[in-house]
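*Asks:* Below is a structure I'd like to ask you about.
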Amino acid sequence: MIADEIVSITQALGLILGLSEEILGLTIVGFGNSLGDLITNLTLARMGYPMMALSACFGGPMLCLLLGVGVAACGYMTRAGLNGSFEIPFTSPTILVSTACLLFNSVLFLISIPRYGYHMTRAIGLVALSVYLVGMAVNVYIEW
């Protein structure tokens with residue numbers, strides 16, 4: 001019930017501001033979903049558990065992506081009475097930009113962190129933050 005109201009408020013905000021569902025999901029809903037993880041990971045790092053914080057940065061989104069998409073797909077197929085597969089309409093360039101940014105950051109971490117002896121540097125963090133900000137700016141530009 002509360003989730004329905006939050007979705008309704010977000011959709012109303014999108015209508016008022018003229019934003020698509022994709023931008024709302026990437027910004028407002030994404031920030032709301034990630035805020036708890038951000039606070040937890042910062043707290044873990046400050047308490048002296050940087051590897052746990054870094055692992056949680058990958059573990060939480062991986063769980064959401066894999067389990068969330070898997071459960072949603074199975075639920076949709078069950079309701080629709082489908083046995084094999086279904087087509088996902090790809091009509092939004094914002095999803096492509098966001099996927100490219102996510103893949104770029106993942107490859108950045110995969111290459112740079114082992115290269116620096118499994119030390120996270122400020123430069124790696126700044127590059128990752130820059131990729132996020134550029135991706136968001138491109139998505140907003142595409143929308144307007």
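*Asks:* Report the gain in length on full extension from Ala100 to Phe58: 0.36 nm times residue separation, minus Cα-Cα distance, nm rounded to one decimal.
*Replies:* Result: 13.5 nm gained on full extension.
*Asks:* Please give the length that would be gained between Leu110 and Ser130 if that part of the chain were fully extended, namely 0.36 nm times their separation in residues minus their C-alpha to C-alpha distance (nm, one decimal).
*Replies:* 5.5 nm
*Asks:* Separate question: Could you give the alpha-carbon Rg of segment 65-113 over 2.2 N^0.38 Å, rounded to two decimals?
*Replies:* For segment 65-113, the normalised Cα radius of gyration is 1.56.
*Asks:* Separate question: What whole-number value in Å² describes the accessible area per residue of the chain for a 1.4 Å probe?
*Replies:* Counting only protein heavy atoms, the per-residue value for the chain is 76 Å².
*Asks:* In whole percent, what relative contact order does the chain give with Cα contacts below 8 Å and a gap of six or more residues?
*Replies:* 23 percent
*Asks:* Next question, about the same structure. Rg and Dmax in Å for segment 23-69, alpha carbons only: what are they?
*Replies:* 11.8, 35
*Asks:* Once phi is turned into θ = phi - 60°, what whole-Hz ³J(HN,Hα) does the Karplus curve with 6.51, -1.76 and 1.60 give for every residue of segment 98-115, x standing for Gly and Pro?
*Replies:* Using θ = phi - 60°, the values come out as 5, 5, 4, 5, 4, 5, 4, 5, 5, 5, 4, 5, 4, 8, 6, 5, x, 4 Hz.
*Asks:* Next up: Choose one answer from Val127, Val71, Val107: the residue with the largest mean-square fluctuation in a GNM of the chain with alpha-carbon springs under 10 Å.
*Replies:* Per the Cα network of the chain with a 10 Å cutoff, Val71 tops the list.
*Asks:* Can you compute 3J(HN,Hα) from phi for each residue in segment 55-66, using the Karplus curve 6.51 cos²θ - 1.76 cosθ + 1.60 with θ = phi - 60°, rounded to whole Hz and x for Gly and Pro?
*Replies:* 4, 5, 4, 8, x, x, x, 5, 4, 4, 5, 6
*Asks:* Hey, another quick one. Using helices alone, what [θ] at 222 nm do you get for the chain, with -39,500 (n - 2.57) per DSSP H run of 4 or more residues, divided over all residues and rounded to the nearest 500?
*Replies:* Value at 222 nm, helices only: -27000 deg cm²/dmol.
*Asks:* On a 0 to 90° scale, report how tilted helix 2-17 is relative to the longest principal axis of the chain, with both axes built from alpha carbons and the result rounded to the nearest 10.
*Replies:* Relative to the chain, helix 2-17 is tipped by roughly 90 degrees.
*Asks:* If you put +1 on each Lys and Arg Cβ and -1 on each Asp and Glu Cβ, how big is the dipole of the chain around its Cα centre, in Debye rounded to 20?
*Replies:* That gives the chain a dipole magnitude of about 580 debye.
*Asks:* Give a residue-ordered list of calculated ³J(HN,Hα) values for segment 20-26 (Karplus: 6.51 cos²θ - 1.76 cosθ + 1.60, θ = phi - 60°; whole Hz; x for Gly, Pro).
*Replies:* 6, 4, 5, 5, 4, x, 6
*Asks:* Could you work out how much longer the chain between Ile2 and Leu15 gets when fully extended? Use 0.36 nm per residue separation minus the Cα distance between them, nm to one decimal.
*Replies:* Result for the pair: 2.7 nm of gain on full extension.
*Asks:* Find the percent of Cα-Cα distances in segment 1-123 that exceed 26 Å, and round it to a whole number.
*Replies:* Tail fraction, whole percent: 39.
*Asks:* How large is log10 I(q)/I(0) at q = 0.17, 0.21, 0.22, 0.25 Å⁻¹ when the Debye formula is applied to the Cα atoms of segment 53-144, each weighted equally and without solvent?
*Replies:* Once normalised to I(0) and log-transformed, intensities are -0.92, -1.11, -1.15, -1.26.
The values are calculated or read from the model by the stated rules, or taken from the named source; none is laboratory data. Nothing here was measured: the structure is a model prediction, and the numbers come from that model. Using ideal geometry, Cβ is built from the backbone for each residue, glycine included, and neighbour counts are taken over all protein chains shown. For the accessible areas, the whole protein counts, side chains as well, though only heavy atoms, and no ligand, DNA or RNA atoms are used. Shrake-Rupley method; radii C 1.70, N 1.55, O 1.52, S 1.80 Å.
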